[in-house]
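See structure below.
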Amino acid sequence: MSSEPATDSSAAQEFVTRIGGRIRALRKQRGWSVQRLAEAGGLSRRMLTDIELGQANPSLATVDRVARALDTDFAALALPERDAADEQVEGTLVWQASDGSQALLLGATREPAAELWRWTLAPGGRYDAEPDRPGAQEIHHVLSGRLTLALESGPQVVAPGRSAVIASDQQYAYRNDGTEPVVFMRVVTGT
């Protein structure tokens, strides 16, 4: 599976358009050129231009690198503005694969920085992540199915009703090696 958000659904396209607009606005607030932000975020000027126009399909790691370059975080770029009166949140579709696997960003805090996600991986589904900042961690709690965390130290299987904490400043992946969907909650800290 790709680590890029899908743009084949209206929700995914809304996500791509939202982050592009926010990146452009923050870049302009700082008085930065496209080239300056591209260099700071470690991507090409053309890719950044396409992201800002909502025409690119950036990986989640690319969005995170650009957010860091702008001195913000992934959630600040990804989550829609919420009215303080909103009591319930459905989540923001951030990643989707053709097999039905998906990731929803449910919410985030600023201080301390934490993100709450709900993931679904179809049988055979996989998501390859890139390392987060040094010291970053993730907590995974499996609601159904069996989640395999492919870590540098080897695979770790998390059963339903169980939780695991990993350092996410390493290459890692989420896998569903089973025959039923895996649904799990993910809390990210230290990014």
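Observations
- Percent carbon-and-sulfur accessible area, the chain, ignoring ligands, DNA and RNA, probe 1.4 Å: 47
- Put simply, the amide H of A136, placed in the peptide plane, has neighbours under 5 Å in S168, D169, leaving out anything fewer than 5 places away on its chain.
- Per-residue Karplus couplings for region 16-26, computed as 6.51 cos²θ - 1.76 cosθ + 1.60 with θ equal to phi - 60°, are listed in order as 4, 5, 4, 5, x, x, 5, 4, 4, 4, 5 Hz, Gly and Pro entered as x.
- Whole-Å semi-axes of the ellipsoid equivalent to the chain (Cα gyration tensor, √5λ, descending): 28, 17, 17
- The chain - charge dipole about Cα centre, Lys and Arg +1 at Cβ, Asp and Glu -1, debye rounded to 20: 480
- Contact order for region 88-191, expressed relative to its length and based on alpha carbon pairs under 8 Å spaced 6+ residues apart, stands at 33 percent.
- Extension reserve of the S163-R68 stretch, reckoned as 0.36 nm per residue once the Cα distance is removed: 31.4 nm
The values are calculated or read from the model by the stated rules, or taken from the named source; none is laboratory data. Every value quoted in this text rests on a predicted model; they were computed, and no experiment measured them. As a convention, Cβ positions derive from the backbone with ideal geometry for all residues, glycine included, and neighbour counts pool all protein chains shown. Surface accessibility is based on the protein's heavy atoms, side chains included, excluding ligands, DNA and RNA. Shrake-Rupley method; radii C 1.70, N 1.55, O 1.52, S 1.80 Å.
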